[in-house]
Every structure is written in structure tokens, then in C-alpha cells.
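Novice: Dropping a structure here in C-alpha cells format, bear with me for questions.
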Amino acid sequence: MSTFEEIQGKNIRSLSSDPSPVAAGDMWYNSTTQLLKGRVFQTAAWVSGGNLNTARSQLKGCGTKTAMLVAGGASSTASEQYDGSSWTTTPNLSGPPVEAASVVGTTSAALAAAGYNNSPPVGPTNGTQYWNGSSWSTQGATLIVPGYAKGQAGTQTAAIVWGGAYPGPNTTPATESWNGSSWTAGNVLGTAMYYSGSAGIQTAALAFGGNFPTLPGTSPGRKVVQSWDGTSWTDSPSSINNYRAGTMSGGIQTAAFLTGGDSPTGSKVSETEVYDGSSWSISPASLATARATGSGAGVSNISGIVAGGNTPANSNATEEFTGTAFVTKTFTTS
């Protein structure tokens with residue numbers, strides 16, 4: 001059997017800390033942690049996670065692949081938290097059932113805004129709620145423009161929401177920023193949209209896909225991508241590859257993913273796309289369960305999670321995403 005030295009032409013380096021930068025194929029022994037590590041190619045995949053306790057669509061959430069919070073949904077006030085393997089039911093949203101709200105933040109500090117009230121008074125709402133890690137509480141400040149299926153990005157105290165459907169029904173291009181105590185109107189979208197994909201933070205957000213400016217019940221899905229710089233929206237020269245609305249998404253402005261959604265024919269989509277900061281590409285990995293209007297979250301284009309959605313039946317399925325990339329791996333004997 002050939003040795004590593006015969007193949008590579010050198011011994012494995014012993015280092016007191018992991019090197020930086022690291023090239024594909026590099027291997028080393030970390031003498032501090034006593035671990036053998038290397039830079040390897042990671043293939044894209046969706047894998048099943050623990051099922052939601054309450055199957056539903058039109059829910060929204062925030063967080064990461066191993067720590068996610070979801071809330072609301074069609075005729076639901078349910079709230080749940082994910083620990084990387086299973087969901088725990090947490091106290092419900094404060095107030096009536098709210099679907100397609102905007103949820104940002106973390107599992108210990110989240111914001112839920114707007115949505116569609118399913119009980120009297122039925123219709124789009126402008127409410128704001130806080131999650132403190134153990135309960136939801138209604139905040140006094142409300143959005144200027146009520147609506148549901150708005151895009152969202154940011155944290156509990158520094159958030160942005162855009163677009164959405166509102167009374168009429170109509171589609172709004174409105175953009176509003178949250179500073180922890182009040183909402184402020186900002187420059188509007190170049191094109192009004194709702195059920196768009198979302199990624200980023202308050203000062204650097206990305207909106208993609210979605211419906212605009214047609215009304216609910218019409219042929220869904222657009223390819224447009226709009227970028228927010230903290231002051232204004234700009235149309236991106238790179239569109240997503242296929243028309244879709246009601247996608248699940250996550251990431252940051254320069255490294256995002258989207259998956260699922262409704263096609264223009266109304267069929268559910270399982271395809272995934274990833275964004276590298278300049279262009280969108282089709283991922284080789286697709287959802288096991290094609291669906292729309294579920295909840296997505298994640299930190300980049302190689303780490304994400306989706307939960308729930310419409311198949312068209314309400315789903316409780318959770319899937320975790322690992323994107324194509326070179327990653328540092330710890331080697332073991334198992």
C-alpha cells in the first residue's frame with residue numbers, strides 16, 4: 001500500500017494551529033488539539049431532519065441549521081425551536097393566528113412582524129412581536145404599511161422588511177426599517193413583490209423570485225433579484241434561473257440559497273439554487289419533498305435548513321442543506 005509521503009511527496013506537517021489560507025488537498029496534524037485535518041471537497045446534499053410537531057404552511061422562521069425558530073402559519077399561532085435534531089414546542093405567538101409573517105433574529109432573540117390574521121379582524125396586519133427565548137410579547141410599535149408575505153432580513157433590533165400583499169388586495173413596494181423601538185419608511189423596491197426569497201442583514205439584503213405585482217391566485221413566479229445597500233434597492237444583473245414564488249431561502253447578500261416554491265403552473269418545486277455574490281447556479285441537490293411557503297434559514301449558500309410548507313398538503317418535514325464547497329475536515333479512524 002502506498003504511503004501518504006509516496007503519494008504527496010512529503011510528510012504531513014505538524015502545526016500548533018490550523019493554517020490559513022488552506023488549499024484544496026492540504027493535510028496537517030494540529031499538535032494542540034491532537035487532530036488530523038485536511039481540506040476536502042464537499043458535495044451538495046439535502047438530508048432529513050426531525051419533523052415539526054405541527055405540520056403547516058405559511059410559517060416563517062430564523063436562525064441556523066442547528067438552531068432554528070419558526071412561528072405562525074395558516075390558522076396557527078404555534079411556535080417551535082430546533083436544536084439540530086428535533087423540534088420542541090414553545091409558547092405560541094401573542095395574538096390571533098398569523099400566516100406569512102416576517103421573522104428575523106435568533107432562537108434567543110427574534111422579531112415577528114406583519115402577516116395575515118386568520119381570525120377577526122381578518123386581513124393583513126401591521127403588528128410587531130418579540131421572542132426573548134422563552135415567550136412572545138406584543139410590541140407597541142406597528143408597521144406603517146400592513147401586509148403579509150413580506151421579505152425580511154436582520155436581527156431583533158435592526159431589521160428590514162419589504163414588499164408584501166396588503167389591503168385591496170394589492171402588492172406594495174414599501175420598505176421599512178426597525179431600530180428596536182419603531183419602524184421607519186425607506187426607499188421602495190424597484191418592483192413591488194411578495195412571497196420573495198430573502199437573505200442578508202438590515203444594511204445589505206437580497207430579495208429574489210416571488211410574485212409581482214399580480215395578485216394571489218394568479219400564475220406565480222418571477223426571476224428578478226434586487227439588492228439593498230442600506231439606502232436603496234438596485235436590480236441585480238444576475239437573475240435566478242427559474243420562475244418561482246413562495247420559496248424557502250437563507251444566507252447573506254453575497255452567499256445565499258433558495259429552494260422549493262411554486263412554479264408558474266402551480267406545481268411544487270424541489271430544485272435548489274445557490275448564489276455566490278455574482279451569479280445564481282442550479283445546485284446538484286434537490287429537496288426530497290417538493291413544497292412551497294415553508295420556512296427557510298441559514299448562514300450561507302452551503303449551510304441551510306427548511307421546515308414545513310405546502311405539498312399541497314401541510315407538511316411537517318425538515319431538511320438540512322449542505323452546499324458544494326471545499327471544507328476543512330477532521331479525520332478519524334471510524
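Novice: Being farther than 13 Å from Gly197 by Cα and assigned by TED's automatic domain parsing to the domain that holds Ser86: is that true of Ser279 here?
Specialist: Here the answer is yes, as Ser279 does meet what is asked.
Novice: May I ask you to list the residues in region 35-80 that are surrounded by fewer than 21 Cβ atoms within 10 Å (Cβ to Cβ) and of a type in the set (S, T, N, Q)?
Specialist: Those that are surrounded by fewer than 21 Cβ atoms within 10 Å (Cβ to Cβ) and of a type in the set (S, T, N, Q): Gln42, Thr43, Ser48, Asn51, Asn53, Thr54, Thr64, Thr66, Ser75, Thr77.
Novice: What residue, among those in region 89-140 that are assigned to a loop (DSSP other than H, G, I, E, B) and at positive phi, is surrounded by the fewest Cβ atoms within 10 Å (Cβ to Cβ)?
Specialist: For region 89-140, the residue satisfying everything is Gly133.
Novice: Out of all the residues in region 320-334, which are buried (at least 24 other Cβ atoms within 10 Å of the Cβ) and charged (D, E, K, R)?
Specialist: none
Novice: So for region 41-58 (the condition being over 21 Å from Gly309 (Cα atoms) and in a strand (DSSP E or B)), does at least one residue qualify?
Specialist: Just the residues of region 41-58 that are over 21 Å from Gly309 (Cα atoms), to begin with: 41-44.
Checking which are in a strand (DSSP E or B) leaves us with 41-42.
Yes, because at least one residue in region 41-58 is over 21 Å from Gly309 (Cα atoms) and in a strand (DSSP E or B).
Novice: Sticking with this one: Starting from region 134-154, take each residue that is touching a residue at least 12 places away in the same chain (Cβ under 8 Å) and under 13 Å from Ser177 (Cβ atoms) and list its partners that are part of a loop (DSSP other than H, G, I, E, B) and aromatic (Phe, Trp, Tyr), counting only C-beta distances under 6 angstrom and pairs at least six apart or across chains.
Specialist: none
Novice: Is there any pair linking a residue in region 305-334 that is under 27 Å from Lys60 (Cα atoms) to one that is modelled with pLDDT under 90, with Cβ under 7 Å and at least six apart or on different chains, and which?
Specialist: Here the result reads Thr322/Gln42; Thr324/Gln42, each pair linking region 305-334 to a residue that is modelled with pLDDT under 90.
Novice: Name the single residue that is surrounded by the most Cβ atoms within 10 Å (Cβ to Cβ) among those in region 299-315 being hydrophobic (A, V, I, L, M, F, W, C) and under 24 Å from Gln253 (Cα atoms).
Specialist: Of everything passing the filter in region 299-315, Val306 is surrounded by the most Cβ atoms within 10 Å (Cβ to Cβ).
Novice: I've got another one for you. Across region 63-74, what is the number of residues that are modelled with pLDDT of 95 or more and either farther than 8 Å from Thr107 by Cβ or not hydrophobic (A, V, I, L, M, F, W, C) (or both)?
Specialist: Pass one, region 63-74, residues modelled with pLDDT of 95 or more: 63-73.
Right, trim to either farther than 8 Å from Thr107 by Cβ or not hydrophobic (A, V, I, L, M, F, W, C) (or both) and you get 63-66, 70-73.
Residues in region 63-74 being modelled with pLDDT of 95 or more and either farther than 8 Å from Thr107 by Cβ or not hydrophobic (A, V, I, L, M, F, W, C) (or both): 8 in total.
Residue by residue, here is whether (1) assigned by TED's automatic domain parsing to the domain that holds Val98; (2) in contact with a Pro (Cβ under 8 Å, 6 or more places away or on another chain) holds:
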residue: Tyr29; (1), (2): no, no
residue: Gln34; (1), (2): no, no
residue: Gly50; (1), (2): yes, no
residue: Asn53; (1), (2): yes, no
residue: Cys62; (1), (2): yes, no
residue: Ser76; (1), (2): yes, yes
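Novice: Further question: Would you check which residues across region 257-298 are of a type in the set (Val, Ile, Thr), buried (at least 16 other Cβ atoms within 10 Å of the Cβ) and out of contact with any strand residue (DSSP E or B) (no Cβ under 6 Å at 6 or more places or on another chain) and list them?
Specialist: Answer for region 257-298, where residues must be of a type in the set (Val, Ile, Thr), buried (at least 16 other Cβ atoms within 10 Å of the Cβ) and out of contact with any strand residue (DSSP E or B) (no Cβ under 6 Å at 6 or more places or on another chain): just Thr289.
The values are calculated or read from the model by the stated rules, or taken from the named source; none is laboratory data. As the structure is a computational prediction, the values presented were derived from the model and not from experiment. Backbone-built Cβ (ideal geometry, glycine too); neighbour counts: all protein chains shown.
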